[in-house]
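The structure appears right after this line, and notes come after that.
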Amino acid sequence: MTEILTHLAGRPVIVGSGLAGLMAALTLAPQPVVLITKAELGAETSSAWAQGGIAASVGADDSAELHLADTLAAGDGLCDPEVAAGIVSEAPAVIAALEKAGVRFDRNAAGELSLGLEAAHCRPRIVHAEGDGSGAAIVRALVQAVSSTPSVTVLADFEVRRLLLADGAIGGVLCASKGRAFILPTPHVLLATGGVGGLYEATTNPVGNFGQGIALAARAGAELADMEFVQFHPTALRSKRRPLALVSEAVRGEGAVLINERGERFMADQPAAELAPRDVVARAISAEIARGGRVFLDARVALGDRFPMRFPVIDKLCREAGVDPARQLIPVAPAVHYHMGGVATDESGRSSVPGLWVAGEAASTGLHGANRLASNSLLEAAVMGMRAARDIAGTAACLRPTAIEPLPPQPDASPVRGIVSGHLGVLRNGGTIHGAIGALLPLVEQEGPATDPAIVALLIAVFAALRTESRGAHARTDFPLKLANARRRRMSLPQVLNFAQAVLSNPLARSA
């Protein structure tokens, strides 16, 4: 039997308790709001695992214009310049808002914000907290702030399985908790559900994050954008741990270098060397591994005995894997870290479905383009979480009755991971992409536990098939060059399904 949560009906619903969701809830106060999280508040979020920090042009020699230039360069021609300019210009205000909410950023002896340098940034501008524990420190402070805000009702251990529609607009959410079904009627939903790393076997994200928000929005009819752009972090700690531990780009920013098993510094001749954009570094490491080699990060000279002080979290993770990073080489390999694509939104976080907003990694605003600039993710999450909240607060509420739907099964991404990992990795080609489409489409059509993860994976595969070039995080060995005109792409789920079916009806595609 499905229980209708009438006592909470009509309140805006935020799905997800990472940075975007928490900032949205605080921004909406004192307006009553419901925050739904499938784990405890702030737990199992990519935000809490972020090491580097937040990119913000707060240094004396920095500016929003320089930050924007770096963002556009990393985005490889696919950023929306206007959207990007707006978001990076709000970075100093975001730092101030987070400090007001209780976040304590690291400062130097003079009391100034300590700023780190990461790849593709022309200035040190990474504002961090507790060294390399920035995400955890930020989320911990915001969780405390949200827990102390009476207007926020938290439904923990609740999982949203479907968005309910009424006359083409949002009418509510269908949730599951402890084997029971619940409907929460609402005209306003903000999805802040994180990324797609759980679709891959090698990821630095919580393994349960397979793109739930994207699947929910796609089923509701929302347009998706640039789904092919999956960013692989070049330096995950190679170990038996799952998910893989991240060795932050900030370690290379402090001077650590990449070498192969022969002791060769294979990035030395590249522009910016180890601090080249992530897609460049990930492809170079993948090439070393593909030839049968191994890759290591060498921090012995650059950091040495300072390593545990500057990077206490990474030091602990390395030691758990049997490596002393101050004196030994750190074994690394690429792993899925961030998704630049997602639900297409405007500058306020609105999707194409009335009543549905999306913020953070689940959204595609146009900030990141084809390749996210390091530490722009937490910035975007905070900015867009606050913008969406302000937009929701200024939107009239009209609660519409919805039909009661049966509760779908709990999603299971395990049947999808092997397909996605083998066919949609760092280097792709038409054969592997079409192979992914052929394997994923039956899972989508059978409507079982694997269907929602398969929908997200199929979106990635179809968008990848349509982009016949190599750009940013999308690298095709059969189309190694960039097209002269960069173009973003938007599609709905029915359009994607039609394309997938057309591919499989082509004998050449089937044989691939």
Self-check item: Estimated 222 nm signal from helices in the chain, with DSSP H stretches of n ≥ 4 weighted -39500 (n - 2.57), rounded to 500
Solution: -10000 deg cm²/dmol
Self-check item: Cβ-defined net charge surrounding ASP61, 15 Å radius [Lys, Arg +1; Asp, Glu -1]
Solution: -2
Exercise. Classify region 408-511 as rounded, prolate or oblate, taking a ≥ b ≥ c as the square roots of the eigenvalues of its Cα gyration tensor: rounded when a/c is under 1.5, otherwise prolate if a/b is larger than b/c and oblate if not.
Key: prolate
Quiz item: Rounded, prolate or oblate: which one fits region 316-461, using the alpha carbon gyration tensor with axes a ≥ b ≥ c (rounded when a/c is under 1.5, else prolate when a/b beats b/c, else oblate)?
Solution: oblate
Quiz item: With a Cα-only, solvent-free Debye model of region 233-335, what are the log10 I(q)/I(0) values at q = 0.15, 0.24 Å⁻¹?
Solution: -0.53, -1.43
Quiz item: Dividing the Cα radius of gyration by the Kirkwood radius, what Rg/Rh value follows for the chain?
Solution: 0.95
Exercise. Compare the peptides 262-272, 495-505, 237-247 by average per-residue count of other Cβ atoms within 10 angstrom and give them in order, highest first.
Key: 237-247, 495-505, 262-272
Quiz prompt | Anisotropy class of region 439-489 from Cα gyration tensor, a/c 1.5 cut | solution = prolate
Quiz item: Taking only C-alpha pairs under 8 Å that are 6+ residues apart, what is the relative contact order of region 338-398 in percent?
Solution: 35 percent
Exercise. At a Cα cut-off below 17 Å, give the lysines reachable from LYS482, other chains included and same-chain residues fewer than 8 away excluded.
Key: none
Practice problem: Work out the FRET efficiency for THR6 and ALA502 from their Cβ-Cβ distance, taking R0 = 41 Å, and round it to the nearest 0.05. | Solution: 0.35
Self-check item: Ranked by how many other beta carbons lie within 10 Å on average, peptides 274-287, 453-466, 186-199, 93-106 from highest
Solution: 186-199, 453-466, 274-287, 93-106
Quiz item: For region 129-169, what is Rg from Cα atoms divided by 2.2 N^0.38 Å, rounded to two decimals?
Solution: 1.78
Self-check item: From phi via Karplus (6.51, -1.76, 1.60), per-residue ³J(HN,Hα) for region 343-350 in Hz, x at Gly/Pro
Solution: 6, 5, 9, 8, 5, 9, x, 6
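Just so you know, all these numbers are worked out from the coordinates, no wet-lab data involved. What you see is a predicted model, and the numbers here were worked out from it, not measured in a lab. Every residue, glycine as well, gets a Cβ built from its backbone with ideal geometry; the counts of neighbours run over all protein chains shown.
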